[in-house]
Every structure is written in structure tokens, then in C-alpha cells.
Amino acid sequence: MIKKNYLEDLNNTNKPFIIYKSGKGFDLYKDFSQKIILTNQNIEKFINKSIKLRSKNKETDLFIGFFGYEILNNLIGVKIKKQKVLKFPKGIFYKPETKIKFSKELNYKPLKIIKSNKVFKINLNNRSYEKIFNKFKKRIKAGETYQIKICTKYKNSSQIDALDFFCRLVKSNMAPEAFMIKDRNYSIISCSPENLITKKGNFITTKPIAGTLKKSKNFNKQKALAFFKKNIKETKEHNMIVDMERSDLSKICKPGTVKILKKKTVEEYKDLYHYVSLIGGKLKDKVSSLDIVKAMMPGGSVIGCPKISTLNLLNNQEKENRNIYTGSFGYIKFNGDMRFNIIIRSILNYQNQSEISVASGVVIDSNAKHEFNENYIKAKALIDLYK
């Protein structure tokens with residue numbers, strides 16, 4: 001039986017903990033016996049070691065944490081030029097000794113209200129965004145990429161109660177890959193909707209999202225689906241990302257086993273609708289966890305298509321480090337099973353600096369104003385937490 005004030009008591013200890021959305025509620029991980037800060041030098045060793053540890057069939061036989069965007073690029077041999085850098089770890093994983101299951105409700109009342117800064121600065125205004133947009137449009141016309149995601153950042157100086165933010169976020173904008181990490185000098189709060197990897201035994205799935213529609217009184221899920229199917233731009237974008245994810249899975253799956261399990265459905269969120277598919281396949285014999293991470297990360301649906309050439313274009317253009325954004329959060333079990341999302345719709349609060357990153361996709365028939373506005377729609381549920 002969980003005490004009524006359990007979350008309040010836990011939050012006040014200042015000990016690190018993680019909450020991750022599960023099928024029937026939330027899983028809370030704590031009492032970490034190991035904390036591994038990843039570097040370009042130790043990441044491969046960490047991934048390989050994680051499944052060599054002996055599993056005792058305990059629910060805590062796993063490492064849980066995140067890979068940042070930059071370390072994943074380095075892992076697959078993609079270079080990033082010198083950028084403005086927040087000196088935040090490239091990835092952190094924890095070995096929990098305690099796991100507690102919560103129902104669908106997370107009941108938490110902060111003992112004191114922290115007044116957060118409501119004002120955010122954006123790193124790209126409309127004019128700057130349009131310049132980058134037009135530059136990438138030329139790259140698309142030249143055949144160097146077919147779709148590319150322009151990252152926009154909203155930043156402010158704020159002290160926050162991460163648990164309060166997370167509990168309010170999941171009540172207003174529940175997402176299947178929501179998670180939070182609270183540690184001594186940083187926190188991450190996320191309502192990510194996108195699953196990148198779910199591996200159980202020799203079967204693996206991925207759920208690409210490509211297509212966003214702002215909610216309005218005139219639309220429901222059925223009308224949103226009809227809109228996506230009729231919209232040439234959204235359909236092209238979705239088909240490209242699905243094809244790319246199928247290609248990524250084919251590198252590690254047995255020939256002929258990669259299938260679209262659910263094709264072009266709509267998911268509903270607080271401020272928007274998403275266009276979603278589900279793809280799965282049977283893994284080849286002797287495929288390692290490292291093979292899977294290299295094949296699937298960074299997630300293509302938040303980068304563009306084709307992945308490697310588009311990553312190079314992005315990394316040459318972007319002036320700031322992405323940090324956690326478009327990295328992956330999740331766990332690797334000692335038996336080799338894993339679950340990872342794509343880190344989007346997230347707040348990184350580090351040393352009382354908050355950072356919200358979002359991106360929208362540019363294809364040949366995209367409109368700069370529409371894509372710029374779409375970025376704000378994606379960030380709004382997070383920005384609203386500071387009000």
C-alpha cells in the first residue's frame with residue numbers, strides 16, 4: 001500500500017528518482033546503486049555490458065536513462081561541428097534497486113509553490129526560421145534530402161518543481177512515452193508521444209509519427225484522419241518516414257519479416273492530432289543491443305530523410321547543441337529486452353535554466369509560416385506549465 005503523501009515525502013528527500021509511463025499507470029524507479037555518465041569513449045562498452053549482467057528475473061534488472069542527441073551521432077560516425085554548448089552530460093543511466101507501480105493518477109501537492117519565470121526567449125524568430133527554411137528547400141530541390149526538421153528552442157531562467165510540472169503535464173496532456181527524471185542538479189519532464197524501440201525476445205517494433213494538426217472545435221479524430229489522408233504534404237511526409245523506419249528495421253531484422261502492423265491512424269493530444277503508424281519485425285540471429293541502437297537511433301521521424309545525409313545538413317546548420325532533444329529515453333534489461341522513446345515535447349532544467357526544443361518537418365511543398373507556427377503548437381503544453 002502506497003502512503004497518501006508518498007510522492008511529497010520522496011520529493012523532499014532530494015534523492016534522485018525516475019517516473020515512466022507504463023501501460024496501466026506509471027512505474028517509479030529509485031534507490032539507484034549505479035549512475036553511469038556516458039561519454040563517446042564508454043557508450044559502446046556500457047551498451048554491451050548491460051545485457052551481460054546476470055538477470056535474476058527481478059523488475060529492477062535493468063539500466064534506465066537517456067542517450068543525448070550528440071552522443072548518438074558520434075556512435076554512428078556522424079560529426080557535429082563546434083556549437084554553442086550547455087555543459088550537460090551526453091547521457092546518463094541508472095541502476096535502480098526499487099520499482100513501485102502507480103495507478104493512472106499521480107497524486108502530488110507541493111508543500112510550497114515555486115513561482116517560475118513565464119517569459120521565454122526563442123532562438124529563432126520568424127525571419128531567421130524562414131532563412132533556414134529557404135536554404136533547406138534548395139537542398140531538397142537539389143536532391144540532397146527529401147525531408148528535414150528545423151529545431152527551435154524556447155529558453156528561460158527558472159527554478160522549478162519537476163514533480164509538480166510532471167503531474168500537471170500528464171493530467172492535461174497524457175502521452176504514452178511520458179517520463180521524468182529528477183536528480184540533484186537537473187530534471188527532465190517529457191510528454192513524448194513517440195516510441196522508437198520496443199524489443200521483447202526476438203521481436204521489435206517502432207511507432208513513427210509524421211503529421212501534426214492543431215486541434216479545433218471543428219475537428220474530431222475521424223475528421224483529423226480524413227484531413228491527413230487528403231493532405232498531400234502530410235501524406236508524403238508520413239510515407240517517407242515510414243519507409244525510412246522500415247529500412248532501419250530491415251538492417252537488423254530477418255528478410256521478409258518487417259511489416260506495417262498499424263497503418264496511418266490518429267492519436268489525440270491536448271493541443272493537436274498526430275498521424276501515426278506501427279511497424280514491426282523479427283530480429284536476425286545474433287543481433288546485439290548495440291546493433292539495434294546504431295540502426296534505430298537517432299529516430300528518423302524527428303531528423304528527416306534520408307537519415308545520414310540529413311543529419312549532416314542539420315549539424316552543419318545548427319548553432320546550438322540539441323542536448324537531450326531527439327535523443328532517446330528508456331531502459332535496457334539484463335535479458336536484452338528494451339524500450340526507448342524519442343525525446344521530444346520535453347523540458348530540460350539544468351542549473352535553473354529551462355530549455356524546450358521542438359521541430360517541424362520541411363518537405364518540397366512545405367510553407368515556412370505554417371511550420372514555424374507548428375513548432376509553437378508542439379511547445380505550448382510545456383510552456384503553459386510556467387503560467
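The values are calculated or read from the model by the stated rules, or taken from the named source; none is laboratory data. Keep in mind that what you see is a predicted model, and the values were worked out from it rather than measured. As a convention, Cβ positions derive from the backbone with ideal geometry for all residues, glycine included, and neighbour counts pool all protein chains shown. The area values use the complete protein model at the heavy-atom level, side chains included, leaving out ligands, DNA and RNA. Shrake-Rupley method; radii C 1.70, N 1.55, O 1.52, S 1.80 Å.
Excluding ligands and nucleic acids, what accessible area in Å² is computed for residue 232 using a 1.4 Å probe, to the nearest 10?
Accessible area of residue 232: about 110 Å².
State the extension gain, in nm to one decimal, for the chain segment bounded by residue 97 and residue 76, taking 0.36 nm per residue of separation less the distance between their alpha-carbons.
Working: separation 21, 0.36 × 21 = 7.56 nm, distance 3.17 nm.
Taking 0.36 nm per residue and subtracting the Cα distance, the gain is 4.4 nm.
Would you calculate the separation in nanometres between label points at residue 383 and residue 135, each defined as 7 Å from the Cα along the Cα-to-beta-carbon direction?
In this crude spin-label approximation the distance works out to 2.3 nm.
About the Cα centre of the stretch 19-99, what is the dipole size in debye to 20, counting +1 per Lys and Arg Cβ and -1 per Asp and Glu Cβ, all else neutral?
Charge dipole of the stretch 19-99: 260 debye, to the nearest 20.
Probe radius 1.4 Å, ligands and nucleic acids ignored: give me the carbon and sulfur share of the accessible area of the chain as a rounded percent. Intermediate results must be reported in sequence, preceding the final value.
On the way: 8950 of 17810 Å².
Taking all protein chains in place, the chain shows 50 percent carbon and sulfur surface.
Taking 0.36 nm per intervening residue step and subtracting the Cα-Cα distance, what contour gain separates residue 316 from residue 52 on full extension?
91.3 nm
Rolling a 1.4 angstrom probe over the protein chains, ignoring ligands and nucleic acids, what is the accessible area of residue 88 in square angstrom, nearest 10?
20
What shape does the stretch 152-225 take by its C-alpha gyration tensor, where a ≥ b ≥ c are the square roots of the eigenvalues and a/c under 1.5 counts as rounded, a/b above b/c as prolate, and the rest as oblate?
On the way: a/c = 2.23, a/b = 1.20, b/c = 1.85.
Judged from the Cα gyration tensor, the stretch 152-225 comes out oblate (a/c at least 1.5, b/c at or above a/b).
For residue 221 and residue 33, what is the calculated FRET efficiency with R₀ set at 51 Å and r taken between the beta-carbons, to the nearest 0.05?
For R0 = 51 Å, the calculated efficiency reads 0.70.
Please list, in chain and number order, the residues 5+ apart from residue 203 or on another chain whose amide H is under 5 Å from its amide H, with Hs placed from the backbone.
Under 5 Å from the amide H of residue 203 lie the amide H atoms of 283, each far enough along the sequence or on another chain.
Counting helices only, and only those DSSP H runs with n ≥ 4, report the 222 nm mean residue ellipticity of the chain as the sum of -39,500 (n - 2.57) divided by its residues, in deg cm²/dmol to the nearest 500.
It lands at -9000 deg cm²/dmol.
Kindly report the accessible area of the chain per residue (heavy atoms of protein chains, probe 1.4 Å, no ligands, DNA or RNA), in Å².
Result: 46 Å² per residue.
Could you give me the ³J(HN,Hα) list for the stretch 20-30, computed from phi with Karplus coefficients 6.51, -1.76, 1.60 and θ = phi - 60°, whole Hz, x at Gly and Pro?
9, 5, 10, x, 10, x, 9, 10, 10, 10, 7
I want to make sure I understand the PRE zone here: with the label point 7 angstrom from the Cα of residue 231 toward its beta carbon, which residues in the stretch 128-144 have backbone N atoms less than 20 Å away?
Counting backbone N atoms under 20 Å from the label point, the list is 130, 133-134, 137.
Per residue of the stretch 79-85, in order, report the coupling 6.51 cos²θ - 1.76 cosθ + 1.60 (Karplus, θ = phi - 60°) as ³J(HN,Hα) in whole Hz, putting x for Gly and Pro.
Result, rounded to whole Hz: 7, 10, 6, 4, 10, 5, 10.
Put +1 on the Cβ of each Lys and Arg and -1 on the Cβ of each Asp and Glu in the chain; which of 261, 120, 106 then has its Cα farthest toward the positive end of the dipole?
Value computed over the given set: 261.
What residues qualify as long-range amide H neighbours of residue 343, i.e. H under 5 Å apart, gap of 5 or more or another chain, H built at 1.01 Å from N?
Those lying under 5 Å, H to H, from residue 343 are 326, 327, 328, 329.
Rounded to the nearest 0.05, what FRET efficiency do residue 114 and residue 243 have when you use their Cβ-Cβ distance and R0 = 35 Å? Walk me through the intermediate numbers first.
Numbers: r = 46 Å, r/R0 = 1.30.
That pair, residue 114 with residue 243, gives E of 0.15.
Under the rule a/c < 1.5 gives rounded, and otherwise a/b versus b/c splits prolate from oblate, where does the stretch 64-201 land using the Cα gyration tensor?
Prolate.
For the stretch 1-157, give the magnitude of the charge dipole about the Cα centre (Cβ charges: +1 Lys/Arg, -1 Asp/Glu; no others), in debye to the nearest 20.
My answer is approximately 720 debye.
Among 301-314, 9-22, what's the highest-first ranking by average C-beta atoms within 10 angstrom per residue?
301-314, 9-22
In the stretch 108-180, which trypsin sites (Lys or Arg not before Pro) fall in coil by DSSP and have 13 or fewer other Cβ atoms within 10 Å?
112, 115, 118
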